[in-house]
Amino acid sequence: MKTAWWLMLPLAVWGTLLTDNTASAGKKKTILEHADFIEGGETSGPSGAVIPYRSAVGNVRFLHGKTILECDRATDWLENERIDLNGHIVIRDNTLETRSDTGTYDTRREIGELSGNVRGRVVEDSLTAKSVRATVDLTGDNLWLFGDAVVWQPGRQLSGDTIRVHLREIDGRKRADELEVRGHAFLATKDTLATSPLTYDQLSARRLLARLDERSRLKNVTATEKAQSLYHLYDEKQQPTGANYTSGAKIRMFFVEGKLSRILTTGNPLGKEYPNSMRESREIDLPGFRLRDKERPVFEPHSDQKGQD
């Protein structure tokens, strides 16, 4: 890689040249708002052709429409509409924030591909997530999480090999309205009537689709392929009576105001009930049940977000 020494100049010298754009994306421009310094030059591509590049280094901050990109180092490949990002990456707008160690951002499609300690959150509904890799699709309102993915919401934990979080605008603000899980899907929801902090209704399958209402409460959940459920039972006076285990090809759960109201199991359904004496026993948990609150990422407000709540 060749780097011209005269391109390694302070941002103040280059500032007037960077106010237009560093990478064109239709009507949107990727504006470099800050970097400690900038360097550039040429390097050989896979075909042997010489490719020009430009890098911003140190406390880098780009603005692309309403999206903010931050990292330690960003390299703009001028012919590819792609920015390579490295170190303390943040991709965020007023709805979604995602962090990682390495990644790329496609300025034309507005898609970020991230890897290494991925953490994300949906600002308006207290949803947080972690995974090994992620795809941030800002125009499609989707956050894809790959590899040991976990999503948390108040009273809920959802995990699997792959999780898709879909956002929808509700009352002028975007919230998660659909969560799709593929591979080792597991949903644990806090039993709100229980006195034990470890009493969770549980649902597992190979695939799972959960739909949420405008207040981020569960509306319905469909589990398919080797579906299993464990939910806790109460009498008409809301006194605990035991727990129920059910398995089948498909299990559908329906909720009213976030509370479980009905379960429908199809495809070779099997079930059994546990006595009240076993309802808090770990022996009846579904295989794979594990609370992972200690892994939940914590996000601090940014300087440009403080005072907006």
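The values are calculated or read from the model by the stated rules, or taken from the named source; none is laboratory data. Small disclaimer: the values here were computed from a predicted structure and weren't measured. Backbone-built Cβ (ideal geometry, glycine too); neighbour counts: all protein chains shown. Accessible surface is based on the protein model in full, side chains and every heavy atom, while ligands, DNA and RNA are left aside. Shrake-Rupley method; radii C 1.70, N 1.55, O 1.52, S 1.80 Å.
Some notes on this structure:
- Count Lys and Arg as plus one, Asp and Glu as minus one, and take only other residues whose Cβ is under 14 Å from that of Ser196; the net charge is then -1.
- Burial ranking of peptide ranges 99-111, 258-270 (average Cβ count within 10 Å, highest at the top): 99-111, 258-270
- Separation of the Val132 and Leu233 label points, Cα + 7 Å toward Cβ, nm: 4.1
- Carbon plus sulfur fraction of accessible area for the stretch 67-142, probe 1.4 Å, in percent: 40
- Electrostatic dipole magnitude of the chain [Cβ: Lys, Arg +1; Asp, Glu -1; Cα centre; debye, to 20]: 800
- Charge sum, other residues only, whose C-beta stays under 10 Å from Asp177's C-beta, Lys/Arg counted +1 and Asp/Glu -1: -1
- A protection proxy built from the mean count of other Cβ atoms within 10 Å ranks the segments 283-295, 29-41, most packed first, as 29-41, 283-295.
- Most to least accessible of His166, His184 (protein chains only, probe 1.4 Å): His184, His166
- Residues whose placed amide H lies under 5 Å from that of Ser55, excluding near-sequence neighbours: Glu39, Gly40, Asp76
- Gyration tensor verdict on the stretch 143-246 (Cα atoms; rounded if a/c is under 1.5, prolate if a/b is larger than b/c, oblate otherwise): oblate
- For the chain, calculated [θ]222 nm from helices alone, where every DSSP H run of n ≥ 4 adds -39500 (n - 2.57): 0 deg cm²/dmol
- Above-threshold pairs, the threshold being 29 Å between Cα atoms, out of Lys28/Lys174; Lys250/Lys294; Lys174/Lys259; Lys190/Lys226; Lys174/Lys294: Lys250/Lys294
- Label sites at Arg168 and Arg296, each approximated as a point 7 angstrom past Cα along Cα to Cβ, lie 2.5 nm apart.
- Residue ranges 167-175, 53-61 sort as 53-61, 167-175 when ordered by packing (mean number of other C-beta atoms within 10 Å per residue, highest first).
- Sum of side-chain charges, Thr104 neighbourhood, beta-carbon under 14 Å (Lys, Arg +1; Asp, Glu -1): -3
- When the charge dipole of the chain is built from unit charges on Cβ atoms (+1 for Lys and Arg, -1 for Asp and Glu) and taken about the Cα centre, the candidate among Ala243, Leu208, Val123 whose Cα reaches farthest toward its positive end is Ala243.
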